[in-house]
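Notes for the one structure printed next.
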Amino acid sequence: MLFTLANLYGIGFSNDFAKLKYSELLKLKNVVGDTSHHDTITGTSKEYVNDDYEKLLIKGQESGHDVMISSLEKLIPTKFMLYDNIITENYKPIVIYNSLAWNRKEYIRLQVDKENICIFDHSGKIIKSQIFETFHQKYELYFETNIPALGYRTYFAKRCDHNNFIKPKEMNGKEFYIENEFLKIKFCNNGRMCSILQQNEEMQLQQDMKYYTSYDGIKYFIKSFFNRKKKGFDQKSGKYIFRPSKDYPDPLNSESITCKVSGEKGGVIQVYQEFSPYAFQIIRLYEGKNFIEIEHLIGNENFPMNRELITR
């Protein structure tokens, strides 16, 4: 969209330049096509195949970034760069583009390195923002913006004296609620989500993490060796094959889980849950949004072999 708009705007895009950037755009298009395979989306391919998909996506992303920056620089007379963390005392411009044909009111999420980062609009007015601790003691900043159709807004991030960090409150062993104008979520004293109230209708539930132990094919190896007519008798669980050692999952944690809540009604509010040393979850509610956001982080050096995790 940005590339097309920059070409239509007609300021400085020579034919050679347009052809060069279009070829970069085609690289991204081809990568997106290759990685639309169902094994890429679901992660069911073998590990070395998944690694190759990741390399392709990184290369395509780099090509797309180059086109995006060049197009923005033609549309807006300034110099742009891409960055992941805001780690500077100087103003850092943040350009948010809306590629849709209608206005959008969205929460923007940025990774930051400190607790004292503030967001300003083009006039220098400070914008309300919240900074949360996320997985592994990293910080994320949230602020709300209203972007016009096919338009953009520019903000600036800068370290400031004001601390926007929302200190989490431990709720271990306690019953509590989080809510916005649409939803009210109840968490029982075991730390798990146990009901959702929407439009005066309450749905009872218990969302939890469980695991299947993968079948390794060793136990019946001798039997299957002498009974080869039963094909797949010793088939291991793995890529393309879900074969647990038993028909039902075990709870990842049968006790109360670590649970912290941060935020407040009128912005973003989130609940951090730790089910085990290698399984974490954050549940979020946004002001003005009629949905629940659930984010997982699964796996680290503590992750045991032969386990297949599920959420239910």
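Looking across segment 181-206, just one residue is loosely packed, with under 15 Cβ neighbours inside 10 Å and either outside the structural domain of Ile282 (by TED's automatic domain parsing) or under 23 Å from the mean Cα position of the chain (by Cα) (or both), and that is Gln206. Screening Ile178, Ile218 for residues that are modelled with pLDDT under 80 and either in contact with a strand residue (DSSP E or B) (Cβ under 9 Å, 6 or more places away or on another chain) or not assigned by TED's automatic domain parsing to the domain that holds Ile292 (or both) leaves exactly one candidate, Ile218.
Any residue that is modelled with pLDDT of 85 or more, closer than 18 Å to Met193 by Cα and of a type in the set (Ser, Thr, Tyr) - is there at least one of those in segment 281-291? Yes, that holds for at least one residue.
Evaluate segment 143-153: report whether one residue or more is touching a helix residue (DSSP H, G or I) at 6+ places or on another chain (Cβ under 8 Å) and surrounded by fewer than 18 Cβ atoms within 10 Å (Cβ to Cβ). Checking segment 143-153: at least one residue is touching a helix residue (DSSP H, G or I) at 6+ places or on another chain (Cβ under 8 Å) and surrounded by fewer than 18 Cβ atoms within 10 Å (Cβ to Cβ). Taking segment 41-67 as the range and being within 26 Å of Tyr97 (Cβ to Cβ) and either free of Cβ contacts under 8 Å to residues at least 12 places away in the same chain or not aliphatic (A, V, I, L, M) (or both) as the test, the residues that pass are Ile41, Glu54, Ile58, Lys59, Gly60, Gln61, Glu62, Ser63, Gly64, His65, Asp66.
The values are calculated or read from the model by the stated rules, or taken from the named source; none is laboratory data. Owing to the predicted nature of the structure, the values given are computational and were not obtained by experimental measurement. Cβ sites come from the backbone with ideal geometry, for glycine too, and all protein chains shown count toward neighbours.
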